[in-house]
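Inspection log for the structure reproduced underneath, given as structure tokens.
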Amino acid sequence: MFKLFRNFNKKDVLIIIVSISLIVLQVYLDLKLPEYMSSITRLVQTDGSKMIDIITKGSFMVGCAFGSLATAIIVGYLASYLSADFSRVIREKIFNKVQSFSTSEIKKFKTSSLITRTTNDVTQIEMLISMGLQMLIRAPIMAVWAILKIVNKSMEWSMLTGIGVVFLLSVVGILMMLVIPKFKVVQKLIDNMNNVTRENLTGIRVIRAFNAEKFQKNRFENVNTDLTNTHMFIQKSFAILFPIINFVMHALTLGIYFVGAFLISEALMSDKIMLFSNMVVFTSYGIQVIMSFLMLALIFMIAPRSQVSANRINEVLDSDISILDGKFNDETKDKGVVEFKDVSFKYPDADEYLLKNISFKVNKGETIAFIGSTGSGKSSLINLVPRFYDATDGEILVDGVNVKDYKLSTLHNKIGYVPQKAVIFTGSVIDNVSYGDNGKEKPTLKKVKEAIKIAQAKDFVEKMDEKYESEISRGGTNISGGQKQRLAIARAIARDPEIYIFDDSFSALDYKTDAVLRSELKKYTKDATSMIVAQRIGTIMNADKIVVLEKGECVGIGTHKELLKTCEVYKEIALSQLTKEELENA
């Protein structure tokens, strides 16, 4: 928790100091009220008292009440500002940290959990700061000051107050032991509910197609019930606290009056008025002490959950980054050259290597393709180039420089990446195609239109209501899979990169569109290097080099015709898709 509070800046510290000063003033004004009440009580009971004296004391009392109200409003405003600003800073830090995560860190935390940590967990900290600044600071000051005010008034009344405080602390302590373990469970259950909800929303079409609504409903009901039951346990536990506090407050008041009545009846006539006045004052101070512990109890309700949330946030902020940024940021002599030197790779915590001893080199202007059965490691291989993962063994060189030495932004500026699953963002067609920063000027409208034309997306874009300004919904749900792929390809083209990476990016296209797109793309990217992962022989048969993968090992490298003669695995794949006549005429 305190590690997070190091994110307070000088302005925040100043706000805290001002708030504490105002809280001290507020407590002082609140504790002056019983004194004026005592004075008014004595004046009323004393013969010969003047009305002007009573009105004067009453005016001071009203002034203290309004002063306390004004300071409370100011402190409330400052606390709200401080907590909201602090939350903004923490959310920004989490977001920036997650931006630096590799795929392995994302998988470690899970997307649903990262969303919870950025939202719900930060909100818990925000609530603690907002309420804590007003209550956590005020309550101890109020309690100590009130106790000092009454400690010499009466031993009997002091003992009653002490018994009430000890009883309350015992109840709060027992409740904390019961509910603190549950707070960690609550945050994990929120993660689970977010995960189920997210899966349900993203997979709604498949769910409906397979009539799995009931199954999904049961999944959600299970996690929702677990979360509800845990919340119910916590709320029921804390529900006991407030009746007990009310009971203690009323019992203390009754006890003070009972003891006060006995003391007054036994006192001399000259002391009765003083005792009655002290009893009124002591009752007020005793209630202030109990109210202070009530405020502390409220904080105790929030603090444990906030501590759990703080730990979860710190887990993200303190996590080690597996993909470290290099320092190389200079121009290279070579352009578009990619070389794998005896590269092996296994996923973090995996026992077996997914890729083993892969070596090849592709030069500027060449096209290299990767083919193999499902699970042979094609996508994993090309994902090593932009460093979504780092190679476990061996070296990957881009333009003669090890990818691990590159500044990540410099490396990514060399690459135009089209993922296996086309990613479309909320915004217009132009926004999606000109997305990102490639270290150059933002693509012009002319450039965007050219990229869309090459990607064979011009026809459907110009049929949209607002054409290039048409809005694309989140995830591209208002366009087809093939249209999403073409826009994703146009986005890569608009960057004018040295290296194109196509991770099975033509799978949603029909054969005609695929052929035309590749033909236009070949003309446009003749000076760039292309790395293509594909399942279709037709997509890659014209590549300069084809790498055939089988169980993570390279079993053949060559042109289409060479591999038909020398690589049995490639020949089997080819014959499963095309006839002998089609292969011979290719």
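The values are calculated or read from the model by the stated rules, or taken from the named source; none is laboratory data. Just so you know, these numbers come straight off a predicted model, no measurement behind them. In this analysis, Cβ positions are derived from the backbone assuming ideal geometry, glycine residues included, and neighbour counts consider all displayed protein chains.
Details
- All of (1) more than 27 Å from the chain's Cα centre (by Cα); (2) in a loop (DSSP other than H, G, I, E, B); (3) within 30 Å of S376 (Cα to Cα) hold for D465 with one exception: (3).
- Screening K440, K449 for residues that are surrounded by 14 or more Cβ atoms within 10 Å (Cβ to Cβ) and basic (K, R) leaves exactly one candidate, K449.
- Options F242, F215, F220, F183; residue that is within 30 Å of K110 (Cβ to Cβ), modelled with pLDDT under 80 and within 42 Å of the chain's Cα centre (by Cα): F183
- Of all residues in region 87-108 being of a type in the set (A, V, I, L, M) and either assigned by TED's automatic domain parsing to the domain that holds Y389 or surrounded by 17 or more Cβ atoms within 10 Å (Cβ to Cβ) (or both), the one that is modelled with the lowest pLDDT: V98
- Filtering A528, A490, A494 for residues that are in contact with a Pro (Cβ under 7 Å, 6 or more places away or on another chain) and within 16 Å of I452 (Cα to Cα) leaves a single hit, A494.
- Taken together, D527, D510 contain a single residue that is touching a residue at least 60 places away in the same chain (Cβ under 8 Å) and either surrounded by fewer than 21 Cβ atoms within 10 Å (Cβ to Cβ) or under 33 Å from the mean Cα position of the chain (by Cα) (or both), which is D527.
- Hey, S170 hydroxyl-bearing (S, T, Y), farther than 23 Å from R312 by Cβ, surrounded by fewer than 19 Cβ atoms within 10 Å (Cβ to Cβ) and modelled with pLDDT under 75 or not: no
- Residue list for region 18-41, filter: among the polar types (S, T, N, Q), buried (at least 17 other Cβ atoms within 10 Å of the Cβ) and within 38 Å of the chain's Cα centre (by Cα): S19, Q26
- Residues of region 384-407 satisfying the condition of being surrounded by fewer than 16 Cβ atoms within 10 Å (Cβ to Cβ) and not in a loop (DSSP other than H, G, I, E, B): D393, E395, N402, D405
- A count restricted to region 485-503 and to residues that are surrounded by fewer than 22 Cβ atoms within 10 Å (Cβ to Cβ) and in contact with a helix residue (DSSP H, G or I) (Cβ under 7 Å, 6 or more places away or on another chain) stands at 1.
- Pairs linking a residue in region 185-196 that is closer than 11 Å to I115 by Cα to a residue that is assigned to a helix (DSSP H, G or I) and polar (S, T, N, Q), with Cβ atoms under 6 Å and 6 or more positions apart or on different chains, are I190/T116; I190/N120; D191/S112; D191/S113; D191/T116; N194/S112; N194/T116; N195/S112.
- Scoring P348 on the criteria (1) surrounded by fewer than 15 Cβ atoms within 10 Å (Cβ to Cβ); (2) within 31 Å of the chain's Cα centre (by Cα); (3) not assigned by TED's automatic domain parsing to the domain that holds K545 leaves a single failure, condition (3).
- Any chance S102 is more than 25 Å from S292 (Cα to Cα), touching a residue at least 24 places away in the same chain (Cβ under 8 Å) and touching an Asp or Glu at 6+ places or on another chain (Cβ under 7 Å): no
- For region 408-430, a tally of residues being part of a strand (DSSP E or B) and at pLDDT below 85 returns 2.
- Of all residues in region 121-143, those that are touching a residue at least 12 places away in the same chain (Cβ under 8 Å) have Cβ atoms under 9 Å from Cβ atoms of residues that are among the acidic types (D, E), 6 or more apart or on another chain, in M142/D30.
- Residues that are modelled with pLDDT under 80, outside any loop (DSSP other than H, G, I, E, B) and out of contact with any His (no Cβ under 8 Å at 6 or more places or on another chain) do occur in region 490-511, at least one of them.
- Check on D351, modelled with pLDDT of 85 or more and part of a loop (DSSP other than H, G, I, E, B): no
The rows are residues; the columns are (1) surrounded by 15 or more Cβ atoms within 10 Å (Cβ to Cβ); (2) out of contact with any Phe, Trp or Tyr (no Cβ under 9 Å at 6 or more places or on another chain); (3) not assigned by TED's automatic domain parsing to the domain that holds I90.
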| position | (1), (2), (3) |
| --- | --- |
| M291 | yes, yes, no |
| M295 | yes, yes, no |
| A303 | yes, yes, no |
| R312 | yes, yes, no |
| D325 | no, no, yes |
| E352 | no, yes, yes |
